[in-house]
Amino acid sequence: MQNVTVALAALGGVSGTSSLLRAGVSRRNLEAGVLSGSVLRLARGVYALPHADPVLIHAARHHAVPGCVTAALAAGLWVVKTPHLPHLAAPHGRPVPGCVVHRSSLPLTHLDVACQALRCLPPLEGLTIAESAVKKGFIQLAVLREQFPAAREKSIRGLVARIRPQSGSIIETMARYLLEEAGLTVELQVKVPGMGHLDLLVDGIVGIETDGYAHHSSREAYREDRRRWNITVIRGVPTLRVTFEMLLGEPREFVLMVQQALATYRRA
């Protein structure tokens, strides 16, 4: 017989009766856990560990689960901004205090999460989540394209058409989106002899390399970074370095910087 607290922990700290029974927990064991205080009864047929994620507990009290950007964060997808309010999904679609609720059937799939993000969030934020879901193999791009048949969702279909599974990081996706919105042509993962692949190439002239949080995690990585930089100079590909913070906090300045670089090297 499975211990109820062990089973709940394995199920993420919050679960329904049916899942607990399938995990080998008896109804007697479940009731004993509630009486002892080691298990909380949140609502009819819904239980949790006292130290479970507060968002999961709040959602479960209202027969909901994390959805949209909140679910994307939990799944390790590329999220530009952590939402001010948790996003939930529930079949009933009723308001939940302090949350944004998406009406959806359960259990929620990665495809559901991507569709919710594309419909709910600003275009760039929806794109990064959907693109990362495709890149990680959670959903198929062809299937995602079929989810927006309505004429009123033409703009979302256009956004889905911009998904590039070869994108290497959220920084690449953000930079590409901002530059394309400015009317520039952006190529991804362009091969530069002796260097490897350049993250982005703008209008066939200026390169973009993205710096992540752990970009120089070792001395070897630092040396390789400098080698790649030197090769771009030798090959005549002027290259700019950009960070997540720059793209998030100074998007206009980033685009202006690239435009200025293009103007300089076109004249040259």
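Values quoted throughout were computed directly from the atomic coordinates according to the rules given, and no laboratory measurement underlies them. Source: prediction; values computed, not measured. Because the Cβ atoms are built from the backbone with ideal geometry, glycine has one as well, and the counts that use them run over all protein chains shown.
For residue 109, the amide hydrogen comes within under 5 Å of no other amide hydrogen, counting only partners 5 or more places away or on other chains and with H modelled in the peptide plane.
In this Cβ point-charge picture (+1 for Lys and Arg, -1 for Asp and Glu), region 65-160 has a dipole of about 140 debye about its Cα centre.
Here 105, 38, 169 are placed in order of increasing Cβ neighbour count within 10 Å, fewest first, which gives 105, 38, 169. Projecting the Cα positions of 204, 258, 184 onto the charge dipole of region 170-267 (unit charges on Cβ atoms of Lys, Arg, Asp and Glu, taken about the Cα centre) puts 204 furthest along the positive direction. Placing pseudo-labels 7 Å out from each Cα toward the beta carbon at residue 182 and residue 166 gives an inter-label distance of 2.3 nm.
The label-point distance for residue 145 and residue 189, in a model that sets each label 7 Å from Cα toward Cβ, rounds to 1.8 nm. Using the average count of surrounding beta-carbon atoms within 10 Å as a protection proxy, the listed peptides 19-32, 129-142 rank, highest first, as 129-142, 19-32.
Could you work out [θ]222 nm for the chain from helices alone, using -39500 (n - 2.57) per DSSP H run of at least four and dividing by all its residues? Round to the nearest 500 deg cm²/dmol. Present the calculation step by step, with values, prior to reporting the outcome.
Numbers: 13 runs with 125 residues, N = 268.
Value at 222 nm, helices only: -13500 deg cm²/dmol.
Can you work out the FRET efficiency for the pair residue 155 and residue 92, with r the C-beta to C-beta distance and R0 = 22 Å, to the nearest 0.05?
Numbers: r = 28 Å, r/R0 = 1.29.
Result of the calculation: an efficiency of 0.20.
Where is the GNM fluctuation largest for the chain (alpha-carbon springs, 10 angstrom cutoff): 34, 79, 100? Largest GNM mean-square fluctuation: 34. Phi-derived couplings, Karplus 6.51 cos²θ - 1.76 cosθ + 1.60 at θ = phi - 60°, listed residue by residue for region 194-209: x, 9, x, 10, 7, 4, 9, 10, 9, 6, x, 10, 9, x, 10, 10 Hz, with x used for Gly and Pro. Dipole magnitude for the chain: computed about the Cα centre from +1 point charges on Lys and Arg Cβ and -1 point charges on Asp and Glu Cβ, it is near 540 debye. In this structure, the amide hydrogen of residue 42, modeled 1.01 Å from its nitrogen in the peptide plane, lies closer than 5 angstrom to those of 47, 48, counting only residues at least 5 positions away or on a different chain. Here the 3J(HN,Hα) profile of region 110-121, calculated from phi with Karplus coefficients 6.51, -1.76 and 1.60 at θ = phi - 60°, is 4, 5, 4, 4, 5, 5, 4, 5, 5, 7, 9, 8 Hz, Gly and Pro shown as x.
Springs join every pair of Cα atoms under 10 Å in this Gaussian network model of the chain, and among 64, 114, 150 the largest mean-square fluctuation is at 150. For Cα extents along the principal axes in Å, the listed values are (1) 69, 53, 39; (2) 79, 51, 30; (3) 69, 53, 45; which was obtained by calculation from the structure presented? Calculated Cα extents along the principal axes in Å: the matching label is (2).
Give, rounded to the nearest 20 debye, the magnitude of the charge dipole that region 4-61 has about its Cα centre when Lys and Arg contribute +1 at Cβ and Asp and Glu contribute -1 at Cβ.
Working: 6 positive and 2 negative charges, 42 e Å.
Rounded to the nearest 20 debye, it is 200 debye.
Farthest toward the positive end of the dipole of the chain, out of 89, 234, 34, is the Cα of 34, where the dipole comes from beta carbon charges about the Cα centre. Applied to region 230-240, the Karplus parametrisation 6.51 cos²θ - 1.76 cosθ + 1.60 on θ = phi - 60° returns per-residue 3J(HN,Hα) values of 5, 5, 4, 5, 4, 7, x, 10, x, 10, 9 Hz, with x for Gly and Pro.
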